[in-house]
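Since the structure comes first, as structure tokens, the remarks are kept for the end.
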């Protein structure tokens, strides 16, 4: 009987409009953060692709280190930044804009590292040929992007997965305000904190389903790329 | 007729902590085919890449004659790579990045496909071609831009004898039209048929430079003689 009640709780939850609003906000915030971080990542990757100076190598290593930086640290830095005097009048805090930007800051090292890896792999394969054909740096970069687009799409989905699953940044900078900055991960944290485990588990299931769909898309793209 | 094409002055190239080319100093003529010969690792392909500007020179300099300095140079690598595009798109790409307009590039690519007998494969993905077809596509791509200097790195290495001879006739034809050809080859028979002069390298050092006839009759260097008389190649092949 107890299990039946759990199942009915789950079922009822799926008809809750708030749940879909929170899911939609989660996807929107993470999609926008992914878009920003992929663009920044590609710019950084382009700068580092053919750079061989000590500074470039140092920056490369630094990016790798920033991939592992805890989300709460980025959240804290973003909070300090957005609550500083520059933004005092803008009332930007406790909106999804700083959440997106903070998440983009978190995801950019990962995006840059993965993009750089993909571009370097293709540069090793065809870089010398492109140079010998007379391709300029910008032509070469455009060709490399076109050559490895399935890898870049897979990269952006991995970055999105990391974004949608993280809780530290969005909790600190967004504050989990109902109807404004609440996203799936912060809602799960809240439900678990106050002991409503059924709802926390149901929300986690939605997150897992999203992660599975994204993983499926990555695998499909990788298979297509291999063939 | 061009007077002189390229002068190397004391070219030295260090790579990965070792000196790969040691102070090469020569002047190659502006016409004909110069063959670069030597054992594996002698530095032939490296010299070709240096001439194309792919690898920086540690010391010394390469000076192209005035009439070649601003002209196009094309390199056909031993193992050419292609973009994940069709055969024709690979040609169009090479032309477009060399300043050809899209419609002209398409017309030129069709001409090249016809010439290299690749018109049936125009819409196939370039990476699905056989090794022989890949060589022909690489040659088409190199010639498409109408280079003044053509650098060839073992262009017939993956071809059967019939296709190799067909490729040789293309090289001769291009040379007859005034293109300077610098050819790396392990086939001494091919060198004898095509080249007007020979530069032989051994462990990054020049051990012979002169007319092809002299190279095959009396290279005047014990290592070059040993090379000709069987150091890795049979005398029969040379004749």
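Read-outs throughout are calculated quantities, based only on the coordinates presented, and are distinct from any laboratory measurement. This one's a predicted model, so the numbers in the text were calculated from it and none came from an experiment. Glycine also receives a Cβ, built like all others from the backbone with ideal geometry; neighbour counts cover every protein chain displayed.
Length gain on complete extension for the stretch residue B:102 to residue B:117, per 0.36 nm per residue less the alpha carbon to alpha carbon distance?
Length gained, residue B:102 through residue B:117: 3.2 nm.
Applying a 10 Å radius around every beta-carbon, put B:6-19, B:26-39 in order of their mean neighbour count, most first. Mind dumping the intermediate values first?
On the way: B:6-19: 14.6, B:26-39: 20.6.
So the peptides B:6-19, B:26-39, ranked by packing, come out B:26-39, B:6-19.
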- Among beta bridges that DSSP assigns inside the protein assembly as shown, antiparallel share in %, nearest 5: 55
- Return the average number of partner chain Cβ atoms within 10 angstrom of each residue Cβ along peptide B:49-61. 1
- Note on the structure: Taking Cα atoms only, helix A:137-147 is inclined relative to the longest principal axis of chain A by an angle, in degrees rounded to 10, of 50
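Once you have a ≥ b ≥ c as the square roots of the Cα gyration tensor eigenvalues for region A:126-221, tell me rounded if a/c is under 1.5, and otherwise prolate or oblate according to whether a/b is larger than b/c. Please report the intermediate quantities before stating the final value.
Details: a/c = 5.61, a/b = 2.69, b/c = 2.09.
Verdict is prolate for region A:126-221.
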- Calculated FRET efficiency for the pair residue A:81/residue A:53, C-beta based, R₀ 25 Å, to 0.05: 0.25
- Message: Output needed for chain B: three equivalent-ellipsoid semi-axes, defined as square roots of 5 times the C-alpha gyration tensor eigenvalues, in descending order, whole Å.
- Response: 30, 21, 17
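So if the hydrodynamic radius of region A:2-226 is defined as the Kirkwood radius over C-alpha pairs, what does Stokes-Einstein give as its diffusion coefficient at 37 °C and 0.692 mPa s, in µm² per second? Before the final figure, lay out each step's value.
Working: Rh = 19.3 Å.
Rounded, D is 170 µm²/s.
Averaged over its residues, how many other protein chain Cβ atoms are within 10 Å of peptide B:82-88's Cβ atoms?
Details: counts 2, 9, 9, 3, 0, 0, 0.
Average neighbour count from other chains, rounded to a whole number: 3.
Please work out whether the protein assembly as shown counts as rounded, prolate or oblate from its C-alpha gyration tensor, where a ≥ b ≥ c are the square roots of the eigenvalues and a/c under 1.5 means rounded, while otherwise a/b larger than b/c means prolate and anything else oblate?
Here the protein assembly as shown falls in the prolate category.
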- Message: Just to be sure I understand: with springs between alpha-carbon atoms less than 10 Å apart, which residue in A:140, A:38, A:100 has the highest mean-square fluctuation in the Gaussian network model of chain A?
- Response: A:140
- Item | Helix A:54-67 vs. chain A, principal-axis angle (Cα, 0 to 90°, nearest 10) | 20
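In peptide B:140-149, how many Cβ atoms from other protein chains are near each Cβ within 10 Å, on average? Could you put the intermediate results ahead of the total?
Values: counts 0, 2, 2, 0, 0, 2, 0, 1, 0, 0.
Partner-chain Cβ atoms within 10 Å, mean over residues of B:140-149: 1.
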- Considering chain A as a Gaussian network with a 10 Å cut-off on Cα pairs, which listed residue, A:139, A:112, A:102, attains the greatest mean-square fluctuation? A:139
- Message: Angle check, please: helix A:184-193 long axis (alpha carbons) against the longest principal axis of chain A (alpha carbons), in degrees 0 to 90, nearest 10.
- Response: 40
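Using 0.36 nm times the number of residues separating residue A:88 and residue A:20, minus their current alpha carbon distance, what extension gain do you get?
On the way: separation 68, 0.36 × 68 = 24.48 nm, distance 3.20 nm.
Taking 0.36 nm per residue and subtracting the Cα distance, the gain is 21.3 nm.
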- Message: Which residue fluctuates most in the GNM of chain A (Cα springs below 10 Å): A:98, A:150, A:70?
- Response: A:70
